[in-house]
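A.B. asks: The structure follows.
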Amino acid sequence: MRYPIAIESGDETHAYGVVVPDLPGCFSAGDSLDEAIANAKEAIELWMETVIEDGQAIPEAAPIAKHQADPEFAGWIWAVVEVDLSKLSGKAKRVNITLPERVLAAIDQAAARFGDTRSGLLAKAALEYVERHPAA
């Protein structure tokens, strides 16, 4: 998932402050802009791990333009942080599935192209599907 982050400019004596508008209470900081963005990713992952452990749903990310229109963030710098939810869902559990050989070959080829494993690719694809098709 991709989450917009709002970054309040820092200077020689103040760190760059980061807020994740879609994740209430998720914030971070860094001494440089690059460090602020990297720390935001870590803060988002920790925030999400806590929410997952509590059995809660991860909020969807709103379009960055929606947040940019919020006067609270006027003059802030914007960036987007990518978080892989498949790596945050707790311990791995082995499952047994049956797929046609041609489908399995296509999955393996795609995983290789993306530098991923078969399991990693399937987990990401399944999560993406579930996110795009919420229960009624």
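A.B. asks: Give region 105-125 a look and list any residue that's in contact with a helix residue (DSSP H, G or I) (Cβ under 8 Å, 6 or more places away or on another chain) and hydrophobic (A, V, I, L, M, F, W, C), or say none.
C.D. replies: Within region 105-125, I107, A110, A111, F114, L121, L122, A123 meet the criteria.
A.B. asks: Go through E72, E60 for me and flag whichever is outside any loop (DSSP other than H, G, I, E, B) and in the same structural domain as A15 (by TED's automatic domain parsing).
C.D. replies: E72
A.B. asks: Is it the case that W47 is under 30 Å from H14 (Cβ atoms), assigned by TED's automatic domain parsing to the domain that holds Y3, surrounded by 10 or more Cβ atoms within 10 Å (Cβ to Cβ) and in contact with a Cys (Cβ under 6 Å, 6 or more places away or on another chain)?
C.D. replies: yes
A.B. asks: Give the residues of region 86-103 that are part of a helix (DSSP H, G or I) and modelled with pLDDT of 90 or more, sorted by residue number.
C.D. replies: The answer is E101, R102, V103.
A.B. asks: Identify all residues within region 22-56 that are outside any helix (DSSP H, G or I) and polar (S, T, N, Q); write none if there are none.
C.D. replies: Within region 22-56, S28, S32, Q56 meet the criteria.
A.B. asks: Another one. Would region 120-129 turn up any residue that is closer than 28 Å to I5 by Cβ, assigned by TED's automatic domain parsing to the domain that holds A15 and crowded, with 17+ Cβ neighbours inside 10 Å?
C.D. replies: No, region 120-129 has no match at all.
A.B. asks: Would you confirm, using the coordinates I've provided, whether N39 is of a type in the set (S, T, N, Q), closer than 29 Å to S119 by Cα and at pLDDT 90 or above?
C.D. replies: Yes: the conditions hold for N39.
A.B. asks: Name the residue that is farthest from I7 (Cα to Cα), counting only residues in region 68-118 that are basic (K, R) and surrounded by 11 or more Cβ atoms within 10 Å (Cβ to Cβ).
C.D. replies: R118
A.B. asks: Which of the following residues is of a type in the set (A, V, I, L, M, F, W, C), under 22 Å from E8 (Cα atoms) and over 22 Å from the mean Cα position of the chain (by Cα): A65, A74?
C.D. replies: A74
A.B. asks: Turning to a different aspect of this structure: Please tell me if E12 is in contact (Cβ under 8 Å) with a residue 60 or more places away in the chain and not in a helix (DSSP H, G or I).
C.D. replies: Answer is no for this residue.
The values are calculated or read from the model by the stated rules, or taken from the named source; none is laboratory data. Note that this is a predicted model, so its numbers are computed, not measured. For neighbour counting, all protein chains shown are included, and Cβ atoms are generated from backbone atoms with ideal geometry for every residue, glycine included.
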